[in-house]
Each structure stands twice: as structure tokens, then as C-alpha cells.
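Q: The structure under discussion is supplied below as C-alpha cells; questions concerning it will follow.
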Amino acid sequence: MFKYLLTVSFSLFLACRCAFAQELQCEVLINDDQVTVTDKRVFQNMQRDIFNFMNNQRWTSTLYKSEERIQARMLITITSVPSVGNYTATVQVLSARPVYSTGYETSVLSFFDKDWVFEYNDAQPLQFSENSYTSQLASLLTFYAYLIIGLDNDSFARLGGSAMYDRATNVLNNVTSQNSGAPGWQAFEDTRNRYWLLTNLRDPQIEPFRTAVYNYFRQGMDIFATKPADARTNILNAIKSIQQVAQRRPGTAIIRSFFDAKSDEIFSVFKGGNSSEKQTVYAILSELDPTNINKYQGLLQR
């Protein structure tokens, strides 16, 4: 069970809101069930500080209305406390955005990061710096803030997230220049770590994936409420484009992340499609996302 769900009353938000707000509305949950510490208030303080860092920092120069803030979640599981003030954790990072003309929110990012290693002292505030290294935890949070915003931008504008991926790269470079042994930031460690997630997004050979994702959202999900048949056609074409990228560059982290976020939605979209669409999308998904093959088999059931 995730503990210390941080609840901030609506009245507190109203007290500090102006006409415009920060970019993120990020929920933070910390699970400390796997560790034993003398005073678990440290995790309450950690959650508070991470929440404030993600939600009170202005990450871009773009003006967001309060209702336009990007919905995100960070599910942090503390796995060990090697020494006082030092922590290891796994983190599920999630984000979503609204679908036009509906009350539905569609997932944009779902990424499991198994390599968080950081220091935390509740007497020392987390410091943001775009161009220099301040701490491992601040770097991790800044990296994912930029990534969440970049992916959201990609879903609304073709290649709209590029500037944010450049800024995330600055964070990565600052970390590796100061702490080259920090896990998750290196190419040689794991093909599905945060290094590769970002590298995929900046790889020109994988750029058609980003265009396909834009088409999935703007030409698919955003018109589904009014033109479901056209939306299915466009979503299927987007998945075909992703298939082409995957065939050129198999095992990419960003494609795995995409299907982690979208498998349930894709099933729901095509459950109402015609037989030909179901057969086609099932064949493609069997290749691209075998992890969820049992789910997709439901498309073939009459």
C-alpha cells in the first residue's frame, strides 16, 4: 500500500493561484514497506519536498492555465536505506492528458525506473538548477519533469517536445560529469533505462515514432468521440508506423514505454472496430507487444 498520500486542499491551491500556473500537477506517493527506519516521518517529509519541487517549480516559459496543468504521478517504492540519508528506490512515472470533447484522460507516459539512488536530508531544501548539478534527487526529478512536459508537447504538436528533451539531456550530462557511477544514466547499463528512454526520443532514426505518436493522439484519440471510424483508421496507421520503427530498431525503450501506457486503451479502441481492423491490429501487436498478447486475443473473440 502506498503511504502518505499527499493531499493538498483545493483552497490552498486557490490561495496561491494567479491567472496562470506551473506546468505540472504531479501526485507523489511513497511506499516504505520494504525498509525499517527509526523515524518514518522522513518519508512524509520526502514526499512533501518532492511534491513541492515538481509542482511549484516553473519548468518552461510557457504560460499554462490552471486547468491545463499536466497530470502526472510518481509512485516511489523505497527498496533500501544503505546508510542514514542514503536511499535506493524504484519509481513508476506516469502522465496523462485530456482528450478533446470528452472527460477522458489518455495515458502519455508509463515508465518504470528501477535505478533511483539518492541522498535526502529533510533539513536541506531541494535546489533546482538547469545548468549545474545540485543533487542526485533534484536531477532525477528535473529530468522527469522535462520528459513529462516533452512527451505532452509531442502529443499536441508534431515533434513539439524537442526543446524539452534537449534540456533533459543537459541534466543527464551534468549528472554524469559529476557522478559518473550513478545508475540509470549510462548507455551500457540497460537498454531500457532513463538514458535510453531519452536517447530514443532524440534519435533521428526513431523520429517517425514521435510523429506516429502525435498522429495517434491528435488524429486518433482527439477525434474519437465524434468520428470513431476515422479515429480507428488513423490510430491503426500510427501503430503501423511504430511497427516500422520497431523493425529498424528493435527493443527500444520508448516503444516499450508506449505500449506499457497504451495497451488497455488500444484494446478498448479496437474492441468496437470491424473484423478486418481487429485482425490487422492483433497481428501487429503480437509482434510489437507480446507481453500483452493475452489481452489482445480478446479482440478476436466474437
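Q: Just need a number here: residues in segment 269-292 that are acidic (Asp, Glu), out of contact with any Leu (no Cβ under 9 Å at 6 or more places or on another chain) and assigned to a helix (DSSP H, G or I).
A: Residues meeting the conditions: 1.
Q: Count, please, the residues in segment 83-95 that happen to be over 18 Å from ARG256 (Cβ atoms) and touching a strand residue (DSSP E or B) at 6+ places or on another chain (Cβ under 7 Å).
A: Here the count works out to 5.
Q: To continue, here is another question. Of the conditions (1) touching a Ser or Thr at 6+ places or on another chain (Cβ under 7 Å); (2) among the small types (Gly, Ala, Ser); (3) more than 19 Å from ASN153 (Cβ to Cβ), ALA212 clears all except one; give me its number.
A: Of the numbered conditions (1) touching a Ser or Thr at 6+ places or on another chain (Cβ under 7 Å); (2) among the small types (Gly, Ala, Ser); (3) more than 19 Å from ASN153 (Cβ to Cβ), the odd one out for ALA212 is (3).
Here's the yes/no breakdown for (1) of a type in the set (S, T, N, Q); (2) farther than 22 Å from GLU189 by Cβ; (3) crowded, with 17+ Cβ neighbours inside 10 Å:
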| position | (1), (2), (3) |
| --- | --- |
| GLN71 | yes, yes, yes |
| THR90 | yes, no, no |
| ALA96 | no, yes, yes |
| ASP115 | no, no, yes |
| SER162 | yes, yes, no |
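Q: From the set of residues in segment 164-196 that are under 17 Å from the mean Cα position of the chain (by Cα) and among the aromatic types (Phe, Trp, Tyr), which is surrounded by the most Cβ atoms within 10 Å (Cβ to Cβ)?
A: Across segment 164-196, the extreme among qualifying residues is TRP185.
Q: Please go through segment 100-112 and pick out each residue that is buried (at least 19 other Cβ atoms within 10 Å of the Cβ) and of a type outside the set (Ser, Thr, Tyr).
A: VAL108, LEU109, PHE111
FYI, it's all coordinate maths here, none of it is from the lab. The shown structure was predicted, so the numbers you read here are calculated from the model rather than taken from an experiment. Methodologically, a virtual Cβ is constructed for each residue, glycine included, from the backbone with ideal geometry; neighbour enumeration extends over all protein chains shown.
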